[in-house]
Amino acid sequence: MSQATTTVPLSTDEAGVLRVAGTRVSLDSVIYAFLEGATPEEIAQAFPTLDLAAIYSVLGYYLQNRAEVEQYLEQRKVEREELRKEIESRFNPQGLRERLLARKNI
C-alpha cells in the first residue's frame, strides 16, 4: 500500500473568505455545523454541493490545525460584526417591520 497525501479542498475567494473548493460553502459553515454536533453525513445533507470526502478532509484539517482555524473564525466574526454595524448605521433596522407593513397596506 502506498502512502498518499491529500490536499485540503479549500480556496480563498476575492473577499478573503475560505471556501470549500469548487463551492460557495464557507469553511465557517462546515466548522460551525460540526461544532454544533452535526456528523459529516449530516453536513453533506445540509450542503448538497459538498462531497463527503471533502467534508472529512476539511474537518481533519480543522482538527489538526485547531488554533489556526479558530483564529481565522474569530477574525471572520469580528469582520461580520463590523459589517453589521456599518449596515445598521446606514440603514436603521428599528421599525423596519412596521415600515414594510405600512407600505404593503398602501
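For the stretch 10-28, which residues satisfy the criterion of being under 13 Å from Thr49 (Cα atoms) and modelled with pLDDT of 95 or more? Of everything in the stretch 10-28, those that are under 13 Å from Thr49 (Cα atoms) and modelled with pLDDT of 95 or more turn out to be Arg19, Val20, Thr23, Arg24, Val25, Ser26. For the stretch 64-78, the count of residues that are under 14 Å from Ser29 (Cα atoms) and of a type in the set (A, V, I, L, M, F, W, C) is at least one.
Screening Leu59 against (1) in contact (Cβ under 8 Å) with a residue 40 or more places away in the chain; (2) in contact with a Pro (Cβ under 7 Å, 6 or more places away or on another chain) leaves a single unmet condition, (1).
Residue count for the stretch 7-38, restricted to those that are surrounded by 12 or more Cβ atoms within 10 Å (Cβ to Cβ), within 21 Å of Glu70 (Cα to Cα) and not hydrophobic (A, V, I, L, M, F, W, C): 7.
Taken over the stretch 50-106, residues that are surrounded by 10 or more Cβ atoms within 10 Å (Cβ to Cβ) and basic (Lys, Arg) amount to 7.
The values are calculated or read from the model by the stated rules, or taken from the named source; none is laboratory data. The shown structure was predicted, so the numbers you read here are calculated from the model rather than taken from an experiment. We place every Cβ from the backbone using ideal geometry, glycine too, and count neighbours over all the protein chains shown.
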